[in-house]
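Working notes, beginning with the structure itself.
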Amino acid sequence: MKAPIVEIFSSFQGEGLWIGRRQIFVRFAGCNLRCNYCDTKKSQSKNSGIMLSTDEVLEKIENLKTSDLHSISFTGGEPLLYPDFINEIVQKTDLKVMIETNGILSDSLLTINRIDCVSMDIKLPEHFDGDWKDDIFENEIISIKLLIEKDIKLYCKVVVFPSTKISTIKGIVKKLCEEIPNRNISIVLQPVNPIDQWKNDIEKLFDFSEVIGQYMEVLTIPQVHKFLDIE
């Protein structure tokens, strides 16, 4: 079995609840969305990757292991385009497994036998240049419910712009609360880079946090790897 891989490398996780953890990142080529803030545009096309077998990926993972290694992060692109490939790797390693996904492909989550943590993006209309579809958020909610049912560690990441409206954030969290009454999820607010553009709008991050905090746990975490100037 083979899949298109852009790169495999070791670095620190720069986002979300596992921030600062040493991980081996397996970046897949190909994505089913085109977000305008994407910082890995080279991974959007399946043609940008090199076809590797699961054994080749496992060998590269083995060669990158360090004493401080915490987990593998399957990222992209969109890793859930390749659930069978990921599952085969998962079955041959005892490392913790993280999936970084847009959450659209909920059926793929059922294919992978072991997932320790999921970082799921919640997409907003302003993340797209005119091709927003209402079913994006509906599919993300389906994935969230599935992960909660399977008792898999989950957090939802929301990338926000200085132009993002408070009403947009409020609508997202209210919908989540309606669909998931126990509110057993954390929301990570991620201010879009470059961070300099927030100089005159930093108070909006406090406003976003307060709105979400009325309903569920919220953290505001920028992309730390950008500050360290690493992948």
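No lab work stands behind these numbers, since they all come straight from the coordinates. Keep in mind the model is a prediction, meaning the values are calculated, not measured. Here the Cβ is made from the backbone with ideal geometry for all residues, glycine too, and neighbour counts use every protein chain on show.
Observations on the structure shown:
- Contour excess over end-to-end distance, with Cα ends at residue 174 and residue 200 and 0.36 nm allotted per residue: 6.6 nm
- In terms of other Cβ atoms within 10 Å, 19, 115 run from fewest to most in the order 19, 115.
- Bridges between two residues of the range 2-228, per DSSP, are antiparallel at a rate of about 30%.
- Unit charges on C-beta of K, R, D, E only; dipole of the chain, Debye: 120 debye
- Cα centroids of the range 67-128 and the range 156-173: 24 Å apart.
- Dipole magnitude (debye, nearest 20) for the range 96-223, charges at Cβ of Lys, Arg, Asp, Glu: 320 debye
- Cα gyration tensor, the range 1-57 - rounded (a/c under 1.5), prolate or oblate: oblate
- The structure-derived value of mean projected area of the Cα convex hull in nm² appears in the list [x] 18.1; [y] 13.5; [z] 12.1 under the label [z].
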